[in-house]
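Here is the structure we will look at, set down as C-alpha cells.
Just so it is clear, none of the values below were taken in a lab; they were calculated from the coordinates. Quantities reported herein were computed from a predicted structural model and do not represent experimental measurements. Cβ: placed from backbone, ideal geometry, glycine included. Neighbour counts: every protein chain shown.
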Amino acid sequence: QVQLVESGGGLVQAGGSLRLSCAVSGRTFGNYAMGWFRQAPGKEREFVAAISWDGGRTSYADSVKGRFTISRANAKNTVYLQMSSLKPEDTAVYYCAAGSSSWVAVKLTEYDYWGQGTQVTVSS
C-alpha cells in the first residue's frame, strides 16, 4: 500500500506563490510517475502537472504552464508543486497521485494512489 500526504496549502493573495509538497511512503517512490490534480467546488477533478519516475519528463495543463513547476526528490520520497503568479481561478483542493506509468501520466485513470488533498485559496 502507498500513502500520500500533501502539505503546503493555504491562503494567498493573487500574484503570490505557494509550494505544495507530497510525501510518499509504503513502496519504492522512484518506481512511480507522480501527478498533481485539483478540484474546485462544483467542478470535476482536473489535471495540473505530472512528472515521470526519473524526473526527466514533465507535462502541464495549459492553464498553469509557465506559472507552476513540478519536481521530485526521490531520495526524500517527495514530489513538489511550485506555484507562482497565482490567480483566483487556481483556488481548489490540490491532490497528488502516484501511478505505475513509465511515462508522464495526465489522466486520472492512470493513477492508482491518491492523497487526501490540501486546500489552496487565492484571494483577489
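By per-residue mean of other Cβ atoms within 10 Å, what is the highest-first order of 30-37, 61-68, 96-103? All intermediate terms of the calculation are to be shown ahead of the outcome.
Values: 30-37: 23.2, 61-68: 14.1, 96-103: 19.9.
The most tightly packed comes first, giving 30-37, 96-103, 61-68.
Under 21 Å between C-alpha atoms is the cut-off here; go through the chain and count lysine pairs that meet it, provided they're at least eight residues apart or on different chains. Please list the in-between numbers first.
On the way: K43/K65; K43/K87; K43/K107; K65/K87; K65/K107.
Counting lysine pairs in the chain gives 5.
Which of T28, T109, T91 moves most in a GNM of the chain, Cα contacts under 10 Å?
So, out of T28, T109, T91, the one fluctuating most is T109.
Roughly what would the spin-label model give for S63 and T109, points 7 Å off Cα along C-beta, in nm?
Placing both labels 7 Å beyond Cα along the Cβ direction yields 2.1 nm.
Expressed in nm to one decimal, what extension gain is obtained for the pair S123 and Q39 from 0.36 nm per residue of sequence separation less their Cα-Cα distance? Mind showing how you got there, number by number?
Numbers: separation 84, 0.36 × 84 = 30.24 nm, distance 1.68 nm.
Taking S123 through Q39 to full extension adds about 28.6 nm, to one decimal.
Name the GluC sites (Glu not before Pro) in the stretch 1-96 that are in a loop by DSSP and that have at most 10 other C-beta atoms within 10 Å, would you? Please report the intermediate quantities before stating the final value.
Working: sites: E6, E44, E46, E89; in loops: E44.
Sites meeting the loop and neighbour criteria: E44.
Given R₀ = 41 Å, FRET efficiency for S7-S102 by Cβ-Cβ distance, to 0.05?
Numbers: r = 28 Å, r/R0 = 0.68.
Efficiency, rounded to the nearest 0.05: 0.90.
About the Cα centre of the chain, how large is the charge dipole given +1 on each Lys and Arg Cβ and -1 on each Asp and Glu Cβ? Please answer in debye to the nearest 20. Mind dumping the intermediate values first?
Details: 12 positive and 9 negative charges, 41 e Å.
I would put it at about 200 debye.
Which of rounded, prolate, oblate describes the stretch 1-62, given a ≥ b ≥ c as roots of the alpha-carbon gyration tensor eigenvalues and a/c under 1.5 marking rounded, otherwise prolate only if a/b is larger than b/c? Kindly include the intermediate steps, with their values, before the conclusion.
Working: a/c = 1.72, a/b = 1.54, b/c = 1.12.
It comes out prolate by the Cα gyration axes.
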